[in-house]
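The values are calculated or read from the model by the stated rules, or taken from the named source; none is laboratory data. If you're wondering where the values come from, they're calculated on a predicted model, not measured in any experiment. All Cβ positions, glycine included, derive from the backbone under ideal geometry; neighbour counts span all protein chains shown. Note: areas computed on protein heavy atoms with side chains; ligands, DNA, RNA excluded. Shrake-Rupley method; radii C 1.70, N 1.55, O 1.52, S 1.80 Å.
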Amino acid sequence: MSDVLENMKTRRSIRKYKPDMIPQEILDQIIEAGIYAASGMNRQTTIIIQVTDKKLRDEIVKRNCEIGGWEEGFDPFYGAPAMLIVLAKKDEPNRVYDGSLVMGNLMLAAHELGVGSCWIHRAKQEFETEWGKELLKSLGIQEEYEGIGHCALGFVEGEYPAAPERKENRVFYL
């Protein structure tokens, strides 16, 4: 079986990370995989924001908790020291699909490179707030973008989860 198929079968969502930062050269490879994701009509309207600054990471955690309704102190990013936030142009009809493909590529590349990942939701709600819009403006992003997801990244703390059995009756043939 090819490495790609093996990675698809063995990648799991990680919910416990070491505090060690991922080297930038590894993050760059993960990001490169994301920007090579397929997109509707090859429009390539997704963007990726890398967050490794602890202060900003913690602010995003706080806002994500508020949106999710969790108490202060909970970390919906499970201690991941880095995140890649995927957004897509709001007026793009395929934005959610294109952004989802980017997220998939990011997580598979991370797994291949020995980095754990987990798709964390609520990016849509974060970037609908004034805070989110101001963050985009601070990066020079003037167009309207919709948050698709956060890719939490870090080195796995503890045992790597095993793949559960696949459910039956999910494929039909004609």
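Quick notes
- Histogrammed with a bin width of 10 Å, the alpha carbon distances of the stretch 1-103 distribute as 13, 35, 38, 14, 1 percent, first bin at zero.
- When a 1.4 Å probe is rolled over the protein heavy atoms, the share of accessible surface on the chain that falls to carbon and sulfur comes to 52 percent.
- Percent RCO, i.e. relative contact order, over the chain, from Cα pairs under 8 Å lying at least 6 residues apart: 33
- Heavy atoms of Asp58 accessible to a 1.4 Å probe, total area in Å² rounded to 10: 60
- Cβ-placed point charges (K, R +1; D, E -1), dipole of the chain about Cα centre in debye, nearest 20: 360
- Computed lengthening from Lys9 to Met21, 0.36 nm per intervening residue step minus Cα-Cα distance: 1.7 nm
- Contour minus Cα-Cα distance for Leu139 and Glu112 (0.36 nm per residue): 6.8 nm
- Across the stretch 47-101, Cα-Cα pairs more than 19 Å apart make up 41 percent of the total.
- Scanning the chain for trypsin sites (Lys or Arg not before Pro) that sit in a DSSP loop and have at most 10 other Cβ atoms within 10 Å, the longest stretch containing none of them is 1-165.
- Extending 7 Å from Cα along the Cβ direction at Arg43 and again at Arg170 yields two label points whose distance is 2.9 nm.
- Residue-normalised accessible area of the stretch 1-83, expressed per residue, 1.4 Å probe, Å²: 63
- Working note: Karplus 6.51/-1.76/1.60 with θ = phi - 60° gives the stretch 155-172 the couplings 7, 5, 9, x, 6, 6, x, 7, 6, x, 4, 7, 5, 7, 6, 10, 10, 10 Hz, where Gly and Pro are set to x.
- Square roots of 5 times each gyration tensor eigenvalue, C-alpha, the chain, largest first, Å: 25, 22, 16
- Taking label positions 7 Å along the Cα-Cβ direction at both Gln29 and Asp91, the computed distance is 3.9 nm, reported to one decimal.
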